Amino acid sequence: MPVPGSVRERAAELRREIEEHNHRYYVLDAPTISDAEYDRLFKELQRLEREHPELRSAGSPTQRVGGAPQTKFAKVVHRVPMLSIRNESAEKFDERCRKALGSDEIEYAAEPKLDGLAVTLIYESGMLALGATRGDGTTGENFTANLRTVKNIPSRLKGPRRPDKVEVRGEVLFPLAEFARLNEQQRRLGEREFVNPRNAAAGSVRQLDPRVTAGRPLSFFAYGVADGVKGIARHSELLDLLGQWGIPVAPERRVARGLKGLLEYYDYMRTRRDELPYEIDGVVYKVNSLADQSRLGSAHREPNFAAAHKYPPREETTQIVDIDVQVGRTGALTPVARLVPVFVGGVTVTNATLHNEDEIRRKDIHIGDFVIVRRAGDVIPEVVRVAIERRPGNARRFLMPTSCPECGSSVVKLPDEAAARCSGGLFCPAQRKQAILHFASRRAMDIEGLGDKLVDQLVERGLIKTPADLYQRKLNVAALAGLERMAEKSAANVVRAIDRSRRTTLARFVYALGIRNVGEATAADLARHFGSLDRMVQASEEDLQQVQDVGPVVAMSIRRFFTEPHNLEVIRQLRVGGVHWEETAPAPGKKAGALAGKTFVLTGTLPSMTREEARERIEALGGMVAGSVSKQTGFVVAGNEPGSKLDKARQLGVVVIDEAGLLRILKEPSS
Ligand code: IVH
């Protein structure tokens, strides 16, 4: 029966695609689809060729083991080809072997399937003579100089029964822990990032300059020999012997009996998978007897004595339908990709965190993009990269909203932070519980008894939305006593504590507002400097920077908080609810006094007084203490180990005095 044209076309298309992906994978070390997807394409082609044998040709990618060797490196023809392993379940593999060997229970060697770069190492007279990659299985590339730099590959073998010549096969791995660091370094150098540890291993070995390889934390595990070892009956003993020669072998390898042993090993390694320092993508089963291995032979460039039993892939391709923004308890906005559901890492994944806007820009993620999603262990699913060549014409850029999706307050990004944040801290429902708990905490408004559990209930039942609601008349003993684990007596205590908290200090109140970057000390500095909330609310960023330790970032954060109308409304309601404090004199500087109009900047440690004392004494005379030096600064007071402020003072020609000088001014301010 002739092959239908559509099938012929599909097969041709698959070949083209697979060749393209082989090239990206093996030659460029930069694949654009997940392994699982590649496997699907490959299997589809294999199926078509099986169903229609006329389609088979020597040139088909199914007839070769891997990608073409890179031309710019020296080629090595493998004396014994480097085969690949058949993907097979434990059941099928065991059944096949038992039938072929006519045995009831077979002894197997079971090993992790290491996910790195396959290499072969030839030792002559105990010395490493040649190291090469697998290439297409027949011809690889000579990377002897590079492989010599891999720390745990011995350059000389030790121990017993070393043959004159032996060819060891194994995998070069890139440790997971170092992977993120490598990509960070690549980014810094403006170099291409690696998509996964396997490609990092390949890219690190396949370098023209061995010094680059030497700088990478690669490691190696052997899983077999091509030939050259005599007098050994079992594969497991062969690996033990390699170990004695100083060649690293995977410590997780085991001998397994029958199908039961294989399945136990499969489950055992799955539980260990997430804690291993390197990536594995399954386990490999091998008939342990070397004589039986020979009897089984090979077919289709795959040995019959071995099988790869894979775990669910950790990476899959899917599409981003939309990008939503979630607001966290601290007001941080996190973009989250909504995905076409995809089965990856053993579960169906529908969302993946995109972390922040910078990350989206860096990975060039658009809404509508096809992306590789990764889920390892219990880690939150992540978008690894975009399959850029599949970007649809209608893909859209993502823009961070300018107002909070939860409360409509403005969104700010402070210069030294990756996260964009909602600035409606007092008002935003996402931040509600956190804001109220902080407001009530001991060093803020000090409302005893208003803890986690109570705040949870109050918020969940809609009794309070903002801290201002604490001071509403409806939050009385009766309302509180109706809550779980709230007796009348404790309800009364909480109501009393709330009432007592109405009378507070400006410093506590400012701290209680929970302004980002304003801790207790800064709140106290602000209160002292401005003396009144209204003056603080109206202060410009420049004014704010006159306060000790308030730099541009903190000033901006305060300004944003006080420009958010929602926050001002909550503050107004708090005052209507009876929260009050004693306002002090107007901000120093405007105050009449002997040092009125004079600004001091303190730097370093003063010999006899703390900076706090110095400040109080300056302010008592109407002077101001500022955090940074400008042309307006009157004096810089330098103690021991002064900071950069001293240099700045010298640059600007500001008068520099020491503590003695300051004491003189404080005594006779007119001088
Ligand atoms: S034995 C008998 N053992 O998987 C076939 N290979 O898909 C020779 N691999 O090229 C390989 N871990 O790069 C063997 N424990 C292991 C392995 C392993 C990973 C790789 C190897 C090979 C590929 C075949």
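If you project the alpha carbons of the range 145-256 onto the principal axes, what extent comes out on each, in Å, largest first?
Rounded to whole Å, the extents work out to 52, 32, 19 Å.
Given the pairs LYS72/LYS165; LYS151/LYS363; LYS260/LYS310; LYS72/LYS151; LYS92/LYS260; LYS260/LYS286, which span a C-alpha to C-alpha distance of over 23 angstrom in this model? Let's see the in-between values first.
Numbers: LYS72/LYS165 28 Å; LYS151/LYS363 32 Å; LYS260/LYS310 17 Å; LYS72/LYS151 25 Å; LYS92/LYS260 13 Å; LYS260/LYS286 14 Å.
Beyond 23 Å: LYS72/LYS165; LYS151/LYS363; LYS72/LYS151.
Given an 8 Å cut-off on Cα distances and at least 6 residues of separation, report the relative contact order of the range 384-461 as a percent. Walk me through the numbers on the way to the answer.
Numbers: 61 pairs, mean separation 12.2, N = 78.
RCO, the range 384-461: 16 percent.
Using a 1.4 Å probe on the protein chains only, how many percent of the accessible area of the chain belongs to carbon and sulfur? All intermediate terms of the calculation are to be shown ahead of the outcome.
Values: 15840 of 31760 Å².
Roughly 50 percent of what the probe reaches on the chain is carbon or sulfur.
Could you state the accessible area per residue of the range 388-469 in Å², with a 1.4 Å probe and every protein chain left in place? Provide the component values of the computation, followed by the final result.
Details: 3980 Å² over 82 residues.
Per residue, the range 388-469 has 49 Å² of solvent-accessible surface.
List the Cys residues of the chain that have no partner Cys with a C-beta closer than 4.7 Å.
CYS97
With an 8 Å cut-off on Cα pairs and a minimum separation of 6 or more residues, tell me the relative contact order of the range 461-566 in percent.
Numbers: 79 pairs, mean separation 18.1, N = 106.
Value for the range 461-566: 17 percent.
Give the lysines whose C-alpha is closer than 29 Å to that of LYS489, dropping any in the same chain fewer than 8 places away, or say none.
LYS433, LYS453, LYS465, LYS474
For an R0 of 45 angstrom, estimate the FRET efficiency from the Cβ-Cβ distance between ARG79 and VAL347 and round to the nearest 0.05.
E between ARG79 and VAL347, to the nearest 0.05, is 0.50.
Find the Cα radius of gyration of the range 298-387, compare it with 2.2 N^0.38 Å by division, and give the number to two decimals.
On the way: Rg = 16.9 Å, N = 90, 2.2 N^0.38 = 12.2 Å.
Cα-based Rg divided by the globular estimate yields 1.39.
So what does the Cα-only Debye profile of the chain read at q = 0.05, 0.06, 0.10 Å⁻¹, as log10 I(q)/I(0), no solvent term?
With one equal scatterer per Cα and no solvent, log10 I(q)/I(0) is -0.42, -0.57, -0.99.
If you take every DSSP beta bridge fully contained in the range 312-447, what fraction is antiparallel? Give it as a percent rounded to 5. Please report the intermediate quantities before stating the final value.
Working: 29 of 30 bridges.
If we restrict to bridges inside the range 312-447, about 95 percent are antiparallel.
Under the 0.36 nm per residue contour assumption, what length would be gained going from the current alpha-carbon distance of GLU191 and LYS465 to full extension?
Stretched out fully, the GLU191 to LYS465 stretch lengthens by 93.7 nm.
So, how do all the Cα-to-Cα distances of the range 342-388 break down into 5 Å bins, in percent, from 0 on up?
For the range 342-388, the pair-distance distribution reads 5, 21, 34, 22, 14, 4.
Which of TYR511, VAL255, VAL655 sits farthest toward the positive end of the charge dipole of the chain, with +1 on the Cβ of Lys and Arg and -1 on the Cβ of Asp and Glu?
Checking the options against the dipole of the chain, the answer is VAL655.
Excluding residues on the same chain fewer than 8 positions from LYS598, give the lysines whose Cα lies under 20 Å from its Cα.
Reachable lysines: LYS590, LYS631, LYS645, LYS648, LYS667.
Please tell me the relative contact order of the chain in percent, rounded to the nearest whole number, where contacts are Cα pairs under 8 Å and at least six residues apart.
Numbers: 1248 pairs, mean separation 58.0, N = 671.
Reported as a whole number, the value is 9 percent.
Taking every DSSP beta bridge that has both residues in the range 534-671, what percent is antiparallel when rounded to the nearest 5? Let's see the in-between values first.
Working: 1 of 11 bridges.
Roughly 10 percent of the beta bridges in the range 534-671 run antiparallel, per DSSP.
Accessible surface of THR138 in the full protein assembly, 1.4 angstrom probe, to the nearest 10 Å²?
50 Å²
What fraction, in whole percent, of alpha-carbon pairs in the range 1-144 exceed 24 Å separation?
49 percent
Out of all DSSP beta bridges in the chain, what portion is antiparallel? Express it as a percent rounded to 5. Mind showing how you got there, number by number?
On the way: 75 of 89 bridges.
Taking every DSSP beta bridge with both residues in the chain, the antiparallel ones total about 85 percent.
Rounded to whole Å, give me the distance from the Cα center of the range 6-41 to that of the range 326-343.
So the separation of the two Cα centres works out to 32 Å.
Work out the charge dipole of the range 264-353 with +1 on the Cβ of Lys and Arg and -1 on the Cβ of Asp and Glu about the Cα centre, then indicate which of TYR265, ASN288, TYR278 is farthest towards its positive end.
Checked the options; the winner is ASN288.
Any aspartates and glutamates with Cα under 20 Å of the LYS158 Cα? List them, leaving off those in the same chain fewer than 8 positions away.
Within reach: GLU124, GLU167, ASP227, GLU237, ASP240.
Protein chains only, probe 1.4 Å: how do MET127, MET400, MET536 rank by accessible area, largest first? Working shown, then result.
Working: MET127 80, MET400 25, MET536 0 Å².
So the residues, ranked largest to smallest area, are MET127, MET400, MET536.
The values are calculated or read from the model by the stated rules, or taken from the named source; none is laboratory data. Quick caveat, the model's predicted, so the values are computed rather than measured. When we count neighbours, we look across all protein chains shown, and the Cβ atoms used for this are built from the backbone with ideal geometry, even at glycine. Heavy atoms of the whole protein, side chains included, go into the accessibility calculation; ligands, DNA and RNA do not. Shrake-Rupley method; radii C 1.70, N 1.55, O 1.52, S 1.80 Å.
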